[in-house]
Amino acid sequence: MVEMFPTIRMRRYRKNEILRRFFKEVYVSTYDLIYPIFIKEGLERKEEIKTMPGIYRMSLNELNKEVEELLELDIRSIILFGIPKHKDSIGSEAFNKNGIVQKAVRQLKENFGDELIVITDVCLCQYTDHGHCGIIKDGKILNDKTLEILSKIALSHAEAGCDIVAPSDMMDGRVKKIRETLDENGYEDVMIMSYAAKFASSFYSPFRDAAYSKPKFGDRKTHQLDYATIKQALREVELDIKEGADIVMIKPALAYMDIISKVKEKFNVPVAAFNVSGEYSMVKAASILGMIDEKQIVKEILTCIKRAGADLIITYHAKNFARWIKEGDDIR
Ligand code: PBG
Ligand code: ZN
């Protein structure tokens with residue numbers, strides 16, 4: 001017997017622009033984007049970061065102007081990275097009430113209130129003279145001693161008024177410790193976005209130039225994930241959720257889409273992806289050399305990170321993307 005069936009023609013879905021739009025499943029909105037800002041203590045005027053064309057170390061007195069620009073572009077959220085004047089062995093500037101991040105958060109909250117979601121990166125590497133993400137003894141990072149400092153940093157950011165703290169250190173038990181500390185001090189409304197699956201990656205090197213946070217010896221492989229692992233990444237995410245993370249982040253994004261997708265499927269917690277410095281700089285470099293079309297590539301990259309499962313995307317491309325939308329570019 002001959003089976004009868006109609007000819008399925010997939011190209012019917014793609015016949016013209018209106019139909020293609022009709023069937024799109026994924027959209028990027030500027031409201032899903034988080035813009036990273038480097039804020040440098042003692043700086044008068046912003047300075048461009050050599051390895052990240054178009055990205056600057058910002059000064060406190062230019063910060064409001066920068067945020068006004070973001071709000072006009074419908075970008076409503078930033079993540080702050082502090083660059084302190086002074087470093088020491090325990091990173092004391094990181095939890096100084098008058099540290100650069102604490103000052104920046106207070107200033108932003110006074111000026112913009114709930115118009116802007118302020119997220120703060122919680123780590124030690126920009127603040128320690130050895131450049132590691134924790135307290136060092138005999139060449140090793142001490143996990144539990146570091147937790148005490150991390151929770152002090154998170155508390156100082158909450159006191160300054162931040163909405164979300166984002167621990168990026170990858171110490172064991174930091175989410176639990178930070179949650180407890182915030183709650184004990186009346187900051188139960190401050191959310192935790194944990195860098196849950198953060199891989200030891202060479203894609204961070206422009207960031208380390210930008211923030212002067214390269215380790216003076218050794219590397220970050222004893223705490224950040226090995227990029228050849230999957231199950232460990234999922235366990236890290238599971239643990240952070242159990243410890244109280246409100247949002248879990250995967251980092252980097254592009255070479256880690258499988259992890260984003262698995263985390264999205266497995267857990268019922270909002271997922272963020274960090275489209276990191278090296279991923280940004282590769283696109284910028286190729287575009288400056290005329291090898292690619294920056295706008296088209298960035299639209300594709302951000303859409304595909306969403307398609308993989310990210311609810312939120314931290315990206316240095318945010319402002320450019322938002323500008324293209326404002327200029328009437330056909331994003332959808
Ligand atoms: C600090 C931190 C890093 C990044 C975010 N927070 C660098 C690192 O782990 O060395 C990287 C961000 C980027 O590359 O854009 N721990
Ligand atoms: Zn760090």
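The values are calculated or read from the model by the stated rules, or taken from the named source; none is laboratory data. From a predicted model like this one, the values you see are computed outputs, not experimental measurements. FYI the Cβ positions are ideal-geometry reconstructions off the backbone, even for glycines, and counts take in every protein chain you see. Surface areas here come from the heavy atoms of the whole protein model, side chains and all, with no ligands, DNA or RNA. Shrake-Rupley method; radii C 1.70, N 1.55, O 1.52, S 1.80 Å.
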> Spin-label point model (7 Å from Cα, Cβ direction): what's the Cys304 to Glu25 distance in nm?
Replying inline: 1.6
>> Cβ neighbours within 10 Å, averaged per peptide: list 215-223, 75-83 in order, most packed at the top.
In response: 75-83, 215-223
> Could you give the accessible area per residue of the range 242-317, probe 1.4 Å, as a whole number in Å²?
Replying inline: 40
> Near Asn268, within a Cβ-to-Cβ distance under 15 Å, what is the net charge of the other residues, with Lys and Arg +1 and Asp and Glu -1?
Replying inline: -1
>> Using 0.36 nm times the number of residues separating Asp144 and Met10, minus their current alpha carbon distance, what extension gain do you get?
In response: 42.6 nm
>> Report the gain in length on full extension from Asp246 to Leu60: 0.36 nm times residue separation, minus Cα-Cα distance, nm rounded to one decimal.
In response: 64.1 nm
> Counting Lys +1, Arg +1, Asp -1, Glu -1, what net charge surrounds Glu44 among other residues with beta carbon under 12 Å of its beta carbon?
Replying inline: +1
> In the range 28-326, what percentage of the DSSP-assigned beta bridges are antiparallel, given to the nearest 5?
Replying inline: 15
> So what's the angle, to the nearest 10 degrees on a 0 to 90 scale, between helix 277-288 and the longest Cα principal axis of the chain?
Replying inline: 60
> Near Lys221, which aspartates and glutamates are there with a Cα under 16 Å away, not counting those fewer than 8 places off in the same chain?
Replying inline: Asp169, Asp172, Glu236
>> How big is the dipole moment of the chain about its Cα centre under a simple scheme where the beta carbon of each Lys and Arg is +1, that of each Asp and Glu is -1, and everything else is neutral? Debye, nearest 20, please.
In response: 1120
> So what is the relative contact order of the range 1-129, in percent, for Cα pairs below 8 Å that sit 6 or more residues apart?
Replying inline: 24
> Tell me, what % of the accessible area of the chain is carbon and sulfur with a 1.4 angstrom probe?
Replying inline: 50
>> Quick check: the angle from helix 174-184's long axis to the longest principal axis of the chain, C-alpha only, nearest 10 degrees?
In response: 70
> With axes computed from alpha carbons, what is the tilt in degrees of helix 257-266 against the longest principal axis of the chain, rounded to the nearest 10 within 0 to 90?
Replying inline: 90
>> Using 32 Å as the Cα-Cα cut-off, could you pick out the over-long pairs in Lys137/Lys198; Lys103/Lys319; Lys15/Lys251; Lys85/Lys266; Lys109/Lys242?
In response: Lys15/Lys251; Lys85/Lys266
> Sorted by mean Cβ packing within 10 Å, highest first, what order do the peptides 55-68, 137-150 take?
Replying inline: 55-68, 137-150
